[in-house]
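Just below is one structure, and these are the notes that go with it.
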Amino acid sequence: MKLDSYFTNVHMDFHTPTLQRDIGRDFEPERFADRLVENEVDSIAFFAKGHHGNSYYDTDVGKVHPHLERNLLKEVVEACHAEDIKVLAYYTLVWDNYLEEEYPDWVQRDKTGNILKSENLVEMGEKRTWTYLCLNSPYPEEKIYPQIREIVDLGADGFFFDILMYHSDACTCQYCQKEMRARGLDPESDEDLAELRKFSTLNFAEEATSFIKGLDRDLIVTYNHKEQPGYTAKLQKYSDYLLIESLPGNWGYQHTPYMARYVRTLDTPFQGQTGIFHRSWGDFGTVKHQRQLDYEIATSLSHGAMISIGDHVLPRGELEKTKYDNIGNTFKFAKEANEQLGAEPIADVAVIAEDGYDPSCNATDPSVIGASKALIESHILFDIIDSSSIDNLGEYEALILPSSQTLNEEFARSTDSYVRSGGNLIVAHTGGLTGDKFQLDSLGVKYHAVSPYSFSYLNLPEDLSENAPEGPMVSYNSMIQVHPESARVTGTATVPATERYSDRGFSHRQAPPENDSPYPALTENSYGDGKAIFVAAPIFKDFYQEDYYGHRVLAENLVESCLPTSRTVITNAPPNVEITFLQKGKRKILNLVNFSAKRPGNTEPQIEEASSVKRIELQVALDKKPASVEAKPAEELVEWSMSEDRLVLRIEELTTHSSIVIEE
């Protein structure tokens, strides 16, 4: 895949119900393509088939929108190709209300045989649903693959498949029951149904990609799916690039930094996608502020991603000028700053996320997201990994198992081996706990029980107290109680005067610290040539839920205690500046992205005017003096010098994004 041909992308939604008339009436091919050229667009995804089940080209297999009187997709492809713009055909896979009526045996069903529909979409105060079709039914053979042939004949450059997923209660249709019997699975078992959902989606992706590549090996294929560690690593085998769909109005501001740090460790290029809307898809009558759009795209850009902005074409085929002016400004800035595309990340630390394989849900582990937030705000370079990185653990100075994650047996053995060979491990709360036993011998502690108190207090040792507030530090969730075996106690715990009850509560929140606990808050165990630190409190989950800076400071100090020398990048930047460090050939690229939002209402906070951060200093570990140091865009001023094995940088002012290219 030639990444430059797809670097900037506009994803053009076109979900239109049958009630809408005059579909594509005002579409002017040359004007359409000219607007894309004017606004730095390299590629688009345009509709072949949408959620309603309507197709937007002349098809003998699907259902053409009843009010479309032109071969719209074909005209789009021809107009774009005349300007060397790539076109992926958008195709909704699992949602289709028309086919439910025609083929009721093709739909996904729950254990009681009920038809499964989406129930999370609300319009004008009324619930709207999409019917889920089953990929184990004849649907792919009778509809999807024949339509793929038709679309290839139109000249599309590839396929953007959306809604590769199953309902969380699916599926016990007759075809799935047959598949489950053949695989020795029980339709009454929730665990076996989850296994079926994983198999069904991955099996379809394998077959569909093989079918498409059999028609033309140069066709591009990607699948929009419920991104999660484990499953996404499997799906990459059938994808030319992976997608991180992440509009802050839906996913929040933590999602892109979190998922990008995971996906960039895989072997497949990826694209970061946001939208031009204020809130979410189809938010007509809104245009995202230019500063907001620049920030969101800069976040993806800083991880080496291709970039995409979603729009919804008006029913009659017009592109709205104001939206595309903003898109063009952002794409221009991205192209001027882009040195990162396809670069490899540099990281000191890895956060371990549990492998997830259920395509009905996104990865939402609060402890992993909390660890990501804490490390970003502490300016610690890190990746997020799953079991697909099992052979690469030695690349990191420290591993973090933030809570609630269990490891497969091989991953657990490899983690212990990593510590034994000189690595450093931080485990919080129930990380690696299965039943009443820890999977990791390197911890040197034995599980006892969950604390009877719903909150407790940590007493930090001096070496973990730098910049932390004095006195006991609260954990807003129950600690777990352990007995040290080979580990030594480094921090004690204090329990509250009382659990909070209606007749014995203190003030408005938890009771104050009162009595020493016989169980430790922190331990450290020497294991071979390395060490393992255990934290009895779920500090990363606490930080995600409560955003108390003390938990971030503790997380930073824990990581610092594990680094044999100082971290790769040291800076005085405030927590709202996100830093990434990438390498591409003989170039290293340091990215700084400034999150500067105004006070929120009842939404995610919005960005309109970036509050500049002034006089940022950075020290970057380098083996030798670089040949050159250059800012992108070039008008940004960067002063630099060498001090022993550190490149010392000074950025006078950071608005939204700065990219510093260091040439060996």
Report summary line: His167 meets each of (1) part of a loop (DSSP other than H, G, I, E, B); (2) surrounded by 14 or more Cβ atoms within 10 Å (Cβ to Cβ); (3) out of contact with any Leu (no Cβ under 6 Å at 6 or more places or on another chain) with one exception, condition (3)
Query - Count of segment 435-472 residues which are touching a helix residue (DSSP H, G or I) at 6+ places or on another chain (Cβ under 9 Å), open to solvent by 30 Å² or more (accessible area, probe 1.4 Å) and either of a type outside the set (A, V, I, L, M, F, W, C) or free of Cβ contacts under 8 Å to residues at least 12 places away in the same chain (or both) - result: 7
Report task. Could you grab me the full set of residues in segment 139-191 that are in contact with a His (Cβ under 9 Å, 6 or more places away or on another chain) and on the phi > 0 side of the Ramachandran plot? Result -> Gly155, Ile163
Report summary line: Filtering segment 1-29 down to residues that are open to solvent by 40 Å² or more (accessible area, probe 1.4 Å) and assigned to a loop (DSSP other than H, G, I, E, B) yields Met1, Lys2, Pro17, Thr18, Leu19, Gln20, Arg21, Asp22, Arg25, Asp26, Glu28
Requested in this report: Could you tell me whether segment 512-522 includes any residue that is closer than 25 Å to Val427 by Cα and in a helix (DSSP H, G or I)?
Outcome: no
Report summary line: Being part of a helix (DSSP H, G or I) and farther than 14 Å from Ser246 by Cα narrows Asp325, Asp267 down to just Asp325
Query raised in the report: On the given criteria, is Asp42 among the acidic types (Asp, Glu), at pLDDT 95 or above and in contact with a Ser or Thr (Cβ under 8 Å, 6 or more places away or on another chain)?
Result: yes
**Report entry** Which numbered condition Lys143 fails, given (1) of a type in the set (Lys, Arg); (2) modelled with pLDDT under 95; (3) not in a strand (DSSP E or B)
**Finding:** (2)
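Return the total of residues in segment 301-322 being in a helix (DSSP H, G or I) and either over 24 Å from Ser658 (Cα atoms) or open to solvent by 10 Å² or more (accessible area, probe 1.4 Å) (or both). Break it down into steps so the answer makes sense when it comes.
Taking segment 301-322 and keeping what is in a helix (DSSP H, G or I), we get 301, 321-322.
Still in the list and also either over 24 Å from Ser658 (Cα atoms) or open to solvent by 10 Å² or more (accessible area, probe 1.4 Å) (or both): 321-322.
Qualifying residue count, segment 301-322: 2.
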Query raised in the report: Looking at segment 57-67, is at least one residue closer than 24 Å to Ile220 by Cα, in contact with a His (Cβ under 6 Å, 6 or more places away or on another chain), surrounded by 15 or more Cβ atoms within 10 Å (Cβ to Cβ) and in contact (Cβ under 8 Å) with a residue 40 or more places away in the chain?
Result: no
Query raised in the report: Can you tell me which residues in segment 115-140 are open to solvent by 30 Å² or more (accessible area, probe 1.4 Å) and at pLDDT 95 or above?
Result: Asn136, Pro138
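Yes or no, residue by residue, for (1) at pLDDT below 95; (2) farther than 28 Å from Ser55 by Cα:
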{"position": "Ser239", "(1), (2)": "no, no"}
{"position": "Gly252", "(1), (2)": "yes, yes"}
{"position": "Thr286", "(1), (2)": "no, no"}
{"position": "Asp294", "(1), (2)": "no, yes"}
{"position": "Ser300", "(1), (2)": "no, yes"}
{"position": "Ser308", "(1), (2)": "no, no"}
{"position": "Phe333", "(1), (2)": "yes, yes"}
Query raised in the report: Could you say whether any residue in segment 569-591 is over 30 Å from Glu652 (Cβ atoms), open to solvent by less than 30 Å² (accessible area, probe 1.4 Å) and among the aromatic types (Phe, Trp, Tyr)?
Result: no
Requested in this report: Kindly provide the set of residues from segment 242-264 that are out of contact with any helix residue (DSSP H, G or I) (no Cβ under 6 Å at 6 or more places or on another chain), crowded, with 20+ Cβ neighbours inside 10 Å and not in a helix (DSSP H, G or I), ordered by number.
Outcome: Leu243, Glu245, Leu247, Arg264
Requested in this report: Test Arg279 against the stated conditions and say whether it is within 30 Å of Leu235 (Cα to Cα) and under 14 Å from the mean Cα position of the chain (by Cα).
Outcome: no
Requested in this report: With the checklist (1) buried (at least 20 other Cβ atoms within 10 Å of the Cβ); (2) of a type in the set (Val, Ile, Thr); (3) closer than 29 Å to Arg488 by Cα in hand, flag the one item Thr565 doesn't pass.
Outcome: (1)
**Report entry** Candidates Arg413, Arg420, filtered to the one that is over 19 Å from Tyr231 (Cα atoms) and free of Cβ contacts under 8 Å to residues at least 12 places away in the same chain
**Finding:** Arg413
Query raised in the report: Of all residues in segment 393-419, how many are open to solvent by 20 Å² or more (accessible area, probe 1.4 Å), touching a strand residue (DSSP E or B) at 6+ places or on another chain (Cβ under 6 Å) and not in a loop (DSSP other than H, G, I, E, B)?
Result: 0
Report task. Would you be able to say whether some residue in segment 600-607 is at pLDDT 95 or above and buried (at least 18 other Cβ atoms within 10 Å of the Cβ)? Result -> no
Report summary line: Filter segment 348-370 for residues that are closer than 14 Å to Ala260 by Cα and either assigned to a helix (DSSP H, G or I) or of a type in the set (Asp, Glu) (or both); the one that is most open to solvent (accessible area, probe 1.4 Å) is Ile369
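Out of Pro452, Pro402, report the one residue that is of a type outside the set (S, T, N, Q) and under 20 Å from Gly230 (Cα atoms).
Just a single option satisfies the conditions, and that option is Pro402.
The values are calculated or read from the model by the stated rules, or taken from the named source; none is laboratory data. These numbers come from a predicted model, not from an experiment. Methodologically, a virtual Cβ is constructed for each residue, glycine included, from the backbone with ideal geometry; neighbour enumeration extends over all protein chains shown. Accessible surface is based on the protein model in full, side chains and every heavy atom, while ligands, DNA and RNA are left aside. Shrake-Rupley method; radii C 1.70, N 1.55, O 1.52, S 1.80 Å.
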